[in-house]
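Report on the structure given below.
All of the numbers you see were taken from the coordinates with simple rules; none came from a lab. On a predicted model such as this, the values are computed, not experimentally measured, just so you know. Positions of Cβ are generated from backbone atoms using ideal geometry, with glycine treated the same way; all protein chains shown enter the neighbour counts.
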Amino acid sequence: MTALQALHDLALHSKRANHPTFPEKLIPKPKFSDKTANGLTKCIVAFIRLQGFQAERVSVEGRVLDGRKTFQDAVGYRRTIGTVKRIRSSAQVGSADVSAIINGRSVKIEVKVGNDRQSQAQKEYQRQVEAAGGIYLLISSFQQFYDWYLQRQIHPAS
């Protein structure tokens, strides 16, 4: 059984358990893919949560403030004035994509798909996490994460 199939079965079993009176053939089948960074991140977070542990996606993007105003001038033309500002995030630069607590241990997971590589800030963040006793993973496929999880012989939280 592949890792994605195991995740699919786990998610389907959870849906059935949460909705026991719902006809089984009408329960929507979960869809998971690890082909993109977004899909892989969703797979990892879903799996950790389905195992009964805590996991969250970390967004280190800032936000955009649009201060533009559009109006019609005296001649009838539409004009836009103002600027768009980008506000930096307050999160630490280089933070991992997923932050989880598995069996009481802090686990930080950086998702890299395709030609994506770690930046210097991410390498420094990895060093800090490992120096503090946390676990830092660099994951490129769900199978890789699933194998790590099985190798650690982690039992689902009750």
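Counting every other Cβ atom within 10 Å of each residue's Cβ, LEU150, LEU40, LEU138 order from fewest to most as LEU150, LEU138, LEU40. Relative to the longest principal axis of the Cα atoms of the chain, helix 37-50 runs at roughly 50 degrees. Charge tally for GLN128 (other residues, Cβ to Cβ under 15 Å; Lys, Arg +1; Asp, Glu -1): 0. Which angle between 0 and 90 degrees, to the nearest 10, do you get for helix 120-131 versus the longest principal axis of the chain when only C-alpha atoms count? Roughly 40 degrees, rounded to the nearest 10. Residues of the stretch 89-103 falling in the label zone of GLU124, defined by backbone nitrogen less than 12 Å from a point 7 Å along Cα to beta-carbon, are 92-95.
For the residues VAL75, VAL64, VAL111, a GNM of the chain with alpha-carbon springs under 10 Å puts the largest fluctuation on VAL75.
Overall, the chain carries a charge dipole of about 560 debye about its Cα centre when +1 sits on the Cβ of Lys and Arg and -1 on the Cβ of Asp and Glu, all other atoms neutral.
The Cα-based radius of gyration of the stretch 1-154, divided by its Kirkwood radius, gives an Rg/Rh of 1.15.
Summed over qualifying helices (DSSP H, 4 residues or more, each -39500 (n - 2.57)) and divided by its residue number, the chain shows a 222 nm mean residue ellipticity of -10500 deg cm²/dmol. Comparing ARG16, ARG79, ARG88 in a Gaussian network model of the chain, where Cα atoms under 10 Å apart are tied by springs, the biggest mean-square fluctuation is seen for ARG79. Taking the chain as a Gaussian network of alpha-carbon nodes connected by springs under 10 Å, the highest mean-square fluctuation of the residues LYS123, LYS31, LYS85 belongs to LYS85. Using R0 = 25 Å, the C-beta based FRET efficiency linking GLN153 and ARG49 works out to 0.80. Lysine pair count for the chain (Cα-Cα distance under 18 Å; residues 8 or more apart in sequence or on different chains): 12.
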